[in-house]
Structures are given as C-alpha cells and as structure tokens.
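Structure first, then comments.
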Amino acid sequence: MAHFYLDTSALAKRYLVETGSAWVREITESASGNTIVVCDLTTVEFSSLLARRQREGEITPINATILQTRFLADMEREYLSLSIEAKIIERACRLVAEYPLRTLDAIQLASALEVAQFLDDSICFVAADVRLLNAAQSSGMLIENPYSHS
C-alpha cells in the first residue's frame, strides 16, 4: 500500500486510453490498497479536458458524459480530495517564483506538498508533465511519470 498524489494529467489516464493508462489504472484500483489523493482543482481540470477532447472530436458527447459521471463517482468514493486553502495558494506563489510552472500546476504541486507534510510520510507525485515533475522532485517529492510505464 502506498500514497499517491495524482495531477489531472495523470489521473485522466484512468479514464482515457493513452500511454501509461494501464499503470494508472493499476495503482488507482481499490484492490491495490493505495491511497489516491487529488485536490478540488482536479474536478475543474478534468471537466475542461473532456470538453476540449469533445470539441476536437476525440470523444463523443455521450462518451464525455459517461467519463464525467464515472470520474465524479470516483471522486466521491475513491479519492481523498484536498480543499484549496490560503496556505496552498501562498505555497503555489512561492513555487512559481522558484520554478517555471503554470498557475494550475503550481497549485497542484503545492497541494501535494501540503499532503506530504500532513501525512509526515512519503507520497509519490504522479504527473505526465516533465516540467512539473522536475519541480516536484526538486521540492523533495518522489515522482512517477505514467509515460514511463507504457
């Protein structure tokens, strides 16, 4: 049993067929006993991802609705979701000053760092974004890239 913080870029692989999807499904299955942590931001990012994929013709409106429903059910039952509080925003501000991160990536990483501090245990940060992973590793986190598990 392990603790994983999944950025939306990684968690989306549980619902879509992409490189690394099998590995993400393996670590997120309830039977694995792993703790999967996300932040509230993930719901908005996942909805945005589905809307973009639908606009670009990669998924149908019906599939987008099915995936959104599955995702929301999993958010309720299977993931620990961290609320974005002022201390996370403050930490994200410090991260963007130190690393070349986009705003939402900084919030995701700040959330993961907050969880790691709270758990006082190792947590693996999972993302499909090399720049974000580099910042996470430089911040002292264990990291995994789903693309490394093809």
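Take every Cα pair under 8 Å in the range 1-70 that's 6+ residues apart, average their separations, divide by the length, and report that relative contact order as a whole percent. Reported as a whole number, the value is 31 percent. The 3J(HN,Hα) values that the Karplus relation (6.51, -1.76, 1.60; θ = phi - 60°) gives for the range 26-43 are, in residue order, 4, 6, 9, 4, 4, 5, 5, x, 6, 8, 10, 10, 9, 10, 4, 4, 4, 4 Hz. Gly and Pro appear as x. Modelled spin-label separation between residue 150 and residue 80, with each label point placed 7 Å from Cα along the Cα-to-Cβ direction: 3.3 nm.
For a Förster distance of 41 Å, can you work out the FRET efficiency between the beta-carbons of residue 55 and residue 118, rounded to the nearest 0.05? With a Förster radius of 41 Å, E is 0.65.
Distance from the C-alpha centroid of the range 1-61 to that of the range 123-150: 15 Å, rounded to the whole angstrom. Its DSSP H runs of at least 4 residues, each contributing -39,500 (n - 2.57), put the calculated 222 nm mean residue ellipticity of the chain at -17000 deg cm²/dmol, to the nearest 500. When only Cα pairs below 8 angstrom with a gap of at least 6 residues are kept, the range 84-143 shows a relative contact order of 28 percent.
Sorting 19, 42, 28 from the fewest to the most surrounding beta carbons within 10 angstrom yields 19, 28, 42. Seen from all sides and averaged, what is the projected area of the convex hull of the Cα atoms in the range 94-150, in nm²? For the range 94-150, averaging the hull's shadow over all directions gives 3.7 nm².
Answer rounded, prolate or oblate for the range 1-99, using the Cα gyration tensor with square roots of eigenvalues a ≥ b ≥ c: rounded when a/c is under 1.5, else prolate when a/b is larger than b/c, else oblate. It comes out oblate by the Cα gyration axes. Of the residues 79, 15, 109, the one whose Cα sits farthest toward the positive end of the charge dipole of the chain, with +1 on the Cβ of Lys and Arg and -1 on the Cβ of Asp and Glu, is 15. Taking only alpha carbon atoms, the range 55-138 gives an Rg to Rh ratio of 1.05, where Rh is the Kirkwood radius. Put a plus charge on the Cβ of each Lys and Arg, a minus charge on the Cβ of each Asp and Glu, and nothing anywhere else: the dipole of the chain about its Cα centre is then about 360 debye. Per residue, the convex hull spanned by the Cα atoms of the range 1-58 amounts to 74 cubic angstrom. Note on residue 130/residue 32: beta-carbon distance plugged into 1/(1 + (r/R0)^6) with R0 of 25 Å gives a FRET efficiency of 0.50.
Normalising the average separation of contacting C-alpha pairs (under 8 angstrom, six or more residues apart) by the number of residues puts the relative contact order of the chain at 31 percent.
Read-outs: derived from the displayed coordinates by stated rules, not from any lab. Note that this is a predicted model, so its numbers are computed, not measured. Ideal geometry is used to build each Cβ from the backbone, glycine not excepted, and the neighbour counts take in all protein chains shown.
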